[in-house]
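Structure record follows, encoded as structure tokens.
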Amino acid sequence: MAGVLNRPLQAIPRTLPRTPWFLACAGILIAFLALLPLVYLVIRALGAEESAAAFLFRPRTLGVVVGTVGLGLIVGAGTVALGVPIAWLTTRTDVPGRHTWAVLTAIPLAIPSYVVGFAFLAFFGPRGTLQGLLAPLGVDRLPSIGGLFGSALVLTLVSYPYVSLAARAAILRTDPALEESARLLGDRRMTVFRRVTLPVLVPAVSAGALLAMLYALSDFGAVSLLQFDSLSRAIYLQYGASFDRSLAAILALVLVAITLVLTWAETRLRTRAGSYAGRPRRPPTVVALGRWRLPSLIFLTVVVGLALVVPVGTIGWWLVRGLAQGEPVRLVLDVALDSFVVGGISAVVAVVLALLVALLVVRHPSRLATFVGSTTYAGYALPGIVVALAMVFLATRAVPVLYQTLFLLIGAYGVRFMPQAVGMLRAGLGQLGRGVEEAGRTLGDGPVRAFSRLTLPALRPALIGGAALVFLSVVKELPLALLLAPIGFDTLATEIWDAASSGFYARAAAPAALLLGLSVATVALLVRADERVP
């Protein structure tokens, strides 16, 4: 009897698919490439001629670190102050056009921060569009929009959707009976919101605020245009101005350390908050705003006006002026073509690497697969300026022939943005299961033919979505292009940054308009791909 019972147990290991050697080797190589930037930064920082402690405790360095942390905290608080009310107004109230407001308030997430920074400089700057409109009233010059205030405002406006979208999803998942029970006990509506709704939203809001703070900490374009000394800008300046670039590596590791501390703090907050939400059993009761309807509309109008209307309107205004002044449109089209080609190649490379990782993690779970799946995200967790700096160090010391080539630039894009495609492909493979390929195997197909004939077509929405997301991120990316692009090779991002930082707003308008349209089109493609997921 024992022998009979043991037979199925002995057969189990043979039924589990073994990890193909090429997939295991590919996973190890991808994990190595993902970890290489961080490891090399540590090695380079340890080899600095000046003591790391002496450099970090300089008053100038301490000021930059404190300013960067302050910027992150201000942006985090600002995104919560905007995102939570927006989420509540567009899900639980009778504010007019709430579904339209939900779409409009989400669009700024697709706009690069440096595009909004350029638009704010062109509109609110001392000699900007607003000053021209106020000139008949005797206003000759407006205060500067730069510095901490302008940087925090711009970064808050482009990153609050992280909070509003997360909070909106949490509200829609929450059982309205929790709030209605509190109302039956006599609590006022604001008391219910403070004591019942907000605690339920803490995990989602903290996660969204963390993303916003990390976005602010890693941002380079907006803070550079607005002349704020953050760590990302200091890293770039230190890299370009100092012979000993190991000091830039030290600053990069400080930025990584701040990122890790914020991530740890958010995890602790989310763990303490716990989970309170139940599954909604019925649609929630719509809250009548009454006399608060007009203030709510004004609030939404101001947010959308600053985050969307001002950037789009300003870019359109300077685009018309630039065309009227004879700005070379063909040059912009050439730059756009270069950006599209590099973005397309990078998207293909990233999706191929991501597919290998997803196959290893989903189809062949093991300790190796877990390690590869985790380390893949290392490059994405690092700020772009940090990855760019690490790639420069690696290329100049290890493989000088790759420095200032498109191969290095595309490789850096792949390492940094591959995790975006990994997430989609892991989800797609998880939904398909093994049944599709096993059906093909029973019909006589080999593993490769079954995968290419049955699994790949079923993964098409995830492949398109992952490629589109990587493509958009590559075209928008600024630090990698600035530090790694070959001399004479420009992208839409670098073209905007070069023109706007020099004050040539009309020249920056055309690439900004192209990038804006591309962002919206890519987001629309992502939505369509998401709708087609089985």
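The values are calculated or read from the model by the stated rules, or taken from the named source; none is laboratory data. Just so you know, these numbers come straight off a predicted model, no measurement behind them. Backbone-built Cβ (ideal geometry, glycine too); neighbour counts: all protein chains shown.
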Practice task
Mind checking which helices (runs of 4 or more DSSP H) fall wholly inside region 465-534 and carry at least 3 residues that are modelled with pLDDT under 85?
Solution key: 505-531
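Each row is one residue, and each column tells you yes or no for (1) touching a helix residue (DSSP H, G or I) at 6+ places or on another chain (Cβ under 6 Å); (2) touching a residue at least 24 places away in the same chain (Cβ under 8 Å).
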position: Arg92; (1), (2): no, yes
position: His99; (1), (2): no, no
position: Val103; (1), (2): no, no
position: Phe123; (1), (2): yes, yes
position: Ala135; (1), (2): no, no
Practice task
Select, from Gly313, Gly305, Gly240, Gly290, the only residue that is at pLDDT 85 or above, in the same structural domain as Gly70 (by TED's automatic domain parsing) and farther than 25 Å from Ile74 by Cα.
Solution key: Gly313
Practice task
Return the residue satisfying two criteria in turn: it lies in region 141-169 and is within 15 Å of the chain's Cα centre (by Cα), under 17 Å from Val310 (Cα atoms) and β-branched (Val, Ile, Thr), and of such residues it is modelled with the lowest pLDDT.
Solution key: Val158
Exercise for the section: Please specify each residue of region 375-388 satisfying the condition of being part of a loop (DSSP other than H, G, I, E, B) and surrounded by fewer than 22 Cβ atoms within 10 Å (Cβ to Cβ). Expected result: Tyr377
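If you scan region 312-332, which residues turn out to be aromatic (Phe, Trp, Tyr) and surrounded by fewer than 19 Cβ atoms within 10 Å (Cβ to Cβ)?
Within region 312-332, the subset aromatic (Phe, Trp, Tyr) is 317-318.
The one that is aromatic (Phe, Trp, Tyr) and surrounded by fewer than 19 Cβ atoms within 10 Å (Cβ to Cβ): Trp317.
Let's see how each residue does on (1) touching a Cys at 6+ places or on another chain (Cβ under 7 Å); (2) among the polar types (S, T, N, Q); (3) surrounded by fewer than 18 Cβ atoms within 10 Å (Cβ to Cβ):
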{"position": "Ile28", "(1), (2), (3)": "no, no, yes"}
{"position": "Leu38", "(1), (2), (3)": "no, no, no"}
{"position": "Leu41", "(1), (2), (3)": "no, no, no"}
{"position": "Thr61", "(1), (2), (3)": "no, yes, no"}
{"position": "Thr79", "(1), (2), (3)": "no, yes, no"}
{"position": "Thr91", "(1), (2), (3)": "no, yes, no"}
{"position": "Ile107", "(1), (2), (3)": "no, no, yes"}
Handout entry: Given (1) hydroxyl-bearing (Ser, Thr, Tyr); (2) farther than 20 Å from Pro203 by Cβ; (3) modelled with pLDDT of 90 or more, index of the condition Thr61 fails
Key = (3)
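Leu251 - would you say it is modelled with pLDDT of 80 or more and assigned to a helix (DSSP H, G or I)?
Values: modelled with pLDDT of 80 or more: yes; assigned to a helix (DSSP H, G or I): yes.
So Leu251 fits the description; yes.
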Practice task
Taking the options Gly67, Gly83, name whichever one is farther than 30 Å from Thr285 by Cβ, crowded, with 17+ Cβ neighbours inside 10 Å and touching a residue at least 60 places away in the same chain (Cβ under 8 Å).
Solution key: Gly67
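Of the residues Val335, Val348, which is within 24 Å of the chain's Cα centre (by Cα), surrounded by fewer than 20 Cβ atoms within 10 Å (Cβ to Cβ) and among the aliphatic types (A, V, I, L, M)?
Going through Val335, Val348 in turn, just one is within 24 Å of the chain's Cα centre (by Cα), surrounded by fewer than 20 Cβ atoms within 10 Å (Cβ to Cβ) and among the aliphatic types (A, V, I, L, M): Val348.
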Fill in the blank from the handout: Per the filter on region 389-410, residues in a helix (DSSP H, G or I), modelled with pLDDT of 90 or more and surrounded by 16 or more Cβ atoms within 10 Å (Cβ to Cβ) are Leu406, Leu408, Leu409, Ile410
Handout entry: Count - residues of region 354-368 that are over 23 Å from Leu469 (Cβ atoms), part of a helix (DSSP H, G or I) and touching a residue at least 60 places away in the same chain (Cβ under 8 Å)
Key = 1
